[in-house]
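Participant: The structure is given below, and queries will be raised subsequently.
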Amino acid sequence: MPTLEDIQKARKRIGGYVHKTPILTSSLLNDWLGHEIYFKAECLQKIGAFKARGACNTLAWLIENNDRPNHVIANSSGNHSQAVAWAAKQFNIPATIYMPAYSSKIKIQATQSYGAKVELCEDRNIADARVLAASKEEGVYWVPPFNHHQVIAGQGTAICEALEQVSDIDAVFAPCGGGGLLSGTVIATNAISPKTQVIGVEPLNANDAAESLRTNKIQRLTSTPDTLADGAMTMAVGDITFEYLKRLDAMYEVEESKLIYWTQWLTHLLKLHVEPTSAMAMEGVVQWLKHSTTKKRVIVLLSGGNIDHTNQNKIWNTNHLDSRPSIKP
């Protein structure tokens, strides 16, 4: 299983390819909440999301071990598709990406712009089936979106950076889709700062991870979830990531209205393009802080910043900026 050493090796592999993203904060938000919130801005990462880390590390690891593939494939509804396309381009490897037809148009276009061939599928289940079939061809390597040791190690580099950029952190919050980012975050945080809690946040409308943790068995969604958090629309977590999700200190489920609320507020306060998947983690922060009697310092991993105009219109259809953030009921 991946270790801190694997994550440290990943940092060296990808250091020349990815950005060391900044830590941002809002004094206004901190005053309102009475705590210190730090944002790791992976929305400013290559391809606009943390996914570049895992994809780049996986391909660099293959090449390092003299196992360079002839062709790379992946399945994703969003940022992972762009990440694999971008990483494949860095190493001059042809790539084919299987995406559900309902994927964000801007993410489909971006994936193509990096030189990958995009195959649109009727839904996520069909995309999963097609990538599995293609992975059996000789010389083809499948880079899964989360359930892969080197993908997890690459994603864990984000929190390693963050914990060097800001110290004495009480908790780290990250969104949960398939669990790759949270898995890497658990591994690194537990090793570097054992006192720091790691907390996951996912949409209530796509709460397979929370259901899996409640039942202690991986639960799969029966249909495509209806959520604006397209980065968390995975049908189920992986057998590898589930073992790390069990080590979380908490998992919060967020209603769509709160997801939209925090997308508006973080965009306004941080002056960043923030995906709903990223923003929903703030609702987890607020729920957690309600039980705190002392001032806390927390990190929020802003996982990405890619939003198409359709979802942008849905997000800003109603103004939520008249209701100031607060941890009071």
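The values are calculated or read from the model by the stated rules, or taken from the named source; none is laboratory data. These numbers come from a predicted model, not from an experiment. Neighbour counts run over all protein chains shown; Cβ positions are idealised from the backbone, glycine included. Areas reflect the complete protein model, heavy atoms only, side chains present, ligands, DNA and RNA absent. Shrake-Rupley method; radii C 1.70, N 1.55, O 1.52, S 1.80 Å.
Participant: May I ask you to compute the full-extension gain from E137 to E119, defined as 0.36 nm times their residue separation minus their alpha-carbon distance, rounded to one decimal in nm?
Facilitator: Gain on extension, E137 to E119, equals 4.8 nm.
Participant: Report, ordered by chain and residue number, the lysines lying within cross-link reach of K40, taken as a straight Cα distance under 23 Å and ignoring same-chain residues fewer than 8 apart.
Facilitator: Within reach: K9, K12, K20, K51, K107, K195, K258, K271, K290, K295, K296.
Participant: Okay, next question. Taking R0 as 45 Å, what's the FRET efficiency between N92 and K271 from their Cβ-Cβ distance, rounded to 0.05?
Facilitator: 0.80
Participant: Mind checking which of G48, G115, G231 has the largest fluctuation in a GNM of the chain, springs on alpha carbons under 10 Å?
Facilitator: Of G48, G115, G231, the Gaussian network model singles out G115 as fluctuating most.
Participant: Follow-up question, since we're still on this one. From zero up to wherever the largest Cα-Cα distance of segment 203-285 sits, split into 10 Å bins and tell me the percent of pairs in each.
Facilitator: Answer for segment 203-285: a P(r) of 19, 46, 28, 7 percent.
Participant: With each label point set 7 Å from Cα along the Cα-Cβ vector, what nm distance links Q8 and L321?
Facilitator: Here the modelled spin labels are 4.5 nm apart.
Participant: Go through R53, R214, R130 and list them by solvent-accessible area, largest first, probe radius 1.4 Å.
Facilitator: Per-residue accessible area, sorted high to low, gives R214, R130, R53.
Participant: Return the calculated 222 nm mean residue ellipticity for the chain, to the nearest 500 deg cm²/dmol, obtained by summing -39500 (n - 2.57) across DSSP H runs with n ≥ 4 and dividing by the residue count.
Facilitator: Theoretical 222 nm ellipticity from helices: -12500 deg cm²/dmol.
Participant: From largest accessible area down, sort K296, K246; use a 1.4 Å probe on the protein chains.
Facilitator: These residues rank, largest area first, as K246, K296.
Participant: Please give the length that would be gained between R68 and S27 if that part of the chain were fully extended, namely 0.36 nm times their separation in residues minus their C-alpha to C-alpha distance (nm, one decimal).
Facilitator: 10.0 nm
Participant: Of the listed values (i) 155; (ii) 165; (iii) 122, identify the label whose number matches volume of the Cα convex hull per residue in Å³ calculated from this model.
Facilitator: (iii)
Participant: Report the FRET efficiency, 1/(1 + (r/R0)^6), for Q312 and L204, where r is their Cβ-Cβ distance and R0 is 22 Å, rounded to 0.05.
Facilitator: Using R0 = 22 Å, I get an efficiency of 0.50.
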